[in-house]
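The values are calculated or read from the model by the stated rules, or taken from the named source; none is laboratory data. Predicted, not measured: the structure shown is a model, and the values here were computed from it. In this analysis, Cβ positions are derived from the backbone assuming ideal geometry, glycine residues included, and neighbour counts consider all displayed protein chains.
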Amino acid sequence: MDHPPLRSYGRTKARTLKPRQAALVEALLPHLALPEEGQIDLEAVFSPSPRGEGAGGGGVILEIGFGGGEHLVAQAAAHPDARFIGVEPFLNGVASCLRHIEESGVQDVRLHQGDARDVIARLPDVCLDLVYILFPDPWPKTRHHKRRLIQRGFLDELARVLKPGAEVRFATDWANYAEWTLEMFLKHPEFTWTAERADDWRGPWPGQVTTRYEQKKLGDCKPVWLRFGRLLA
Ligand SMILES: C[S@@+](CC[C@H](N)C(=O)[O-])C[C@H]1O[C@@H](n2cnc3c(N)ncnc32)[C@H](O)[C@@H]1O
């Protein structure tokens, strides 16, 4: 999929990694990193599973833009039967996530430092059970809307890699991004919005773990929680 280059939103310069973080990037990341090129073979990526044969019965879950990795690692700890892939372009975030992985001892988490759109393009068809997009960069100015992650071409690619019945969980505290996302998904023939009542989008889904950006309350509205289902083929 062709996409505009990744732009940094509201971020100041990267901080120098602390010695412990730098050591984790050097020693642990190579064991957990997705291959840099080519089609991603999920069985190979998660093999050998320290949990043995039959691991991964909880599905494959992708988190796009995991920030510091708190949510990713908390979900991995809560769902040891699932396999998790986290993608985040910001090295400081990857280093922070590695610290959470090490401290928690979670096993089936793989990471990629870079653009989730490039990872998705290398995933096989029909391989993901759940995708989290939590408080993505809002790009609130109209002239910057084209930089938003949620675009028609991106949804086409998500639809390709999601299993029928799989789910996308999206949260934002920017009203216009919530409206934009809802409109994009509603227009897409392969997705449905699963909300049945207002409380479904006013509050988080069961088991949600508060993220750093949610706590910062930088947006212009209360968080909006949108769940979309990949329609059955
Ligand atoms: C506002 S932060 C939210 C971080 C985290 N999800 C949270 O709620 O605390 C958005 C994150 O998305 C990442 N990001 C932006 N574009 C991305 C892309 N194309 N692929 C993966 N991550 C991306 C940014 O680096 C940033 O860490």
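Structure above, values below:
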| read-out | value |
| --- | --- |
| Matching entry among 180, 201 (being crowded, with 17+ Cβ neighbours inside 10 Å and in contact with a His (Cβ under 8 Å, 6 or more places away or on another chain)) | 180 |
| Residue in the stretch 161-172 that is more than 23 Å from residue 86 (Cβ to Cβ), at pLDDT 95 or above and hydroxyl-bearing (Ser, Thr, Tyr) present | no |
| Test: residue 218 is over 17 Å from the mean Cα position of the chain (by Cα), exposed (fewer than 15 other Cβ atoms within 10 Å of the Cβ) and under 13 Å from residue 136 (Cβ atoms) | yes |
| Listing of helices (runs of 4 or more DSSP H) fully contained in the stretch 145-233 that carry 1 or more residues being in contact (Cβ under 8 Å) with a residue 60 or more places away in the chain and within 16 Å of the ligand (Cβ to nearest atom) | 152-161, 212-216 |
| Residue that is surrounded by the most Cβ atoms within 10 Å (Cβ to Cβ), among those in the stretch 63-73 that are within 12 Å of the ligand (Cβ to nearest atom) and among the aliphatic types (A, V, I, L, M) | 72 |
| Selection within the stretch 44-80 - at pLDDT 95 or above and among the charged types (D, E, K, R) | 63, 70 |
| Per-region count, the stretch 76-128, residues buried (at least 18 other Cβ atoms within 10 Å of the Cβ) and of a type in the set (Asp, Glu) | 3 |
| Count of residues meeting criterion [at negative phi and more than 11 Å from the ligand (Cβ to nearest atom)] in the stretch 112-144 | 15 |
